[in-house]
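First comes the structure, then the notes that go with it.
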Amino acid sequence: KMANETATNLAAAFEGESQAHLRYQQFARKADAEGHKFIANLFRAVAEAEDIHGSKWASMINKGVDTAAALGQAIEGEKYEHDEMYVTFMHQAKSDGERKAAKWFHRIGKVEGTHEKHYRKVLAALEKGIDFEGKIIWLCPECGNIELTDTRDQKPYEFCPVCDTAWEEFTPYEA
């Protein structure tokens, strides 16, 4: 078992590197939009470096965690975000008159519930030895909604039920 201070420091390092990774990706998109290609690429390269760092800390934090346990942790995290975190954030944003933030907290909270549902379904299948290979995972590029289909031709809907993004814009992930 790891010493308390080291475990605390690993968690803080992971959090900091993860946030920097996402922040720098956003900065890169902004620099691109402003026509600063070199600066955008510098942000992208450093974002990847931060991902490398965060991955090292995550591997130490999650040492010994198998896929079933990882799914369990993911389920709990998504459940918390869906049931508590984003609901609280949405109400606070409404109270503060921040309508756009409230709308997105609500939408993302719904998406986290979908993520939880998919994780639960896959964990149950894993425990029963059912294989999900061949299924296609679809990601909405606007809100992060996820759908699973059996084929590329399946189209659960024309537009994302969370944010109205056209199905054709979803990104497929295939095994």
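The values are calculated or read from the model by the stated rules, or taken from the named source; none is laboratory data. Since we're looking at a predicted model, the values are computed, not measured. Methodologically, a virtual Cβ is constructed for each residue, glycine included, from the backbone with ideal geometry; neighbour enumeration extends over all protein chains shown. Keep in mind that these areas ignore ligands, DNA and RNA; they rest on the heavy atoms of the full protein, side chains included. Shrake-Rupley method; radii C 1.70, N 1.55, O 1.52, S 1.80 Å.
Structural remarks
- Single condition G134 does not satisfy, out of (1) modelled with pLDDT of 95 or more; (2) outside any helix (DSSP H, G or I): (1)
- Only one of L42, L10, L71 that is open to solvent by 90 Å² or more (accessible area, probe 1.4 Å) and either in a helix (DSSP H, G or I) or under 30 Å from P161 (Cα atoms) (or both): L42
- A search for C-beta distances below 9 Å between a residue of the range 55-74 that is closer than 16 Å to K117 by Cα and any residue that is part of a helix (DSSP H, G or I) and hydrophobic (A, V, I, L, M, F, W, C), counting only pairs 6+ apart in sequence or on different chains, returns A68/L123; A68/L126; L71/V122; L71/L123; L71/L126; G72/L123; A74/L123.
- Residue count for the range 137-171, restricted to those that are assigned to a loop (DSSP other than H, G, I, E, B), open to solvent by less than 50 Å² (accessible area, probe 1.4 Å) and of a type in the set (S, T, N, Q): 2.
- Verdict on E174 being open to solvent by 30 Å² or more (accessible area, probe 1.4 Å), in contact with a helix residue (DSSP H, G or I) (Cβ under 8 Å, 6 or more places away or on another chain) and acidic (D, E): no
- Test: residue in the range 119-128 that is at pLDDT 95 or above, part of a loop (DSSP other than H, G, I, E, B) and surrounded by 15 or more Cβ atoms within 10 Å (Cβ to Cβ): no
- Selection status of E112, farther than 29 Å from A166 by Cβ, acidic (D, E) and assigned to a helix (DSSP H, G or I): no
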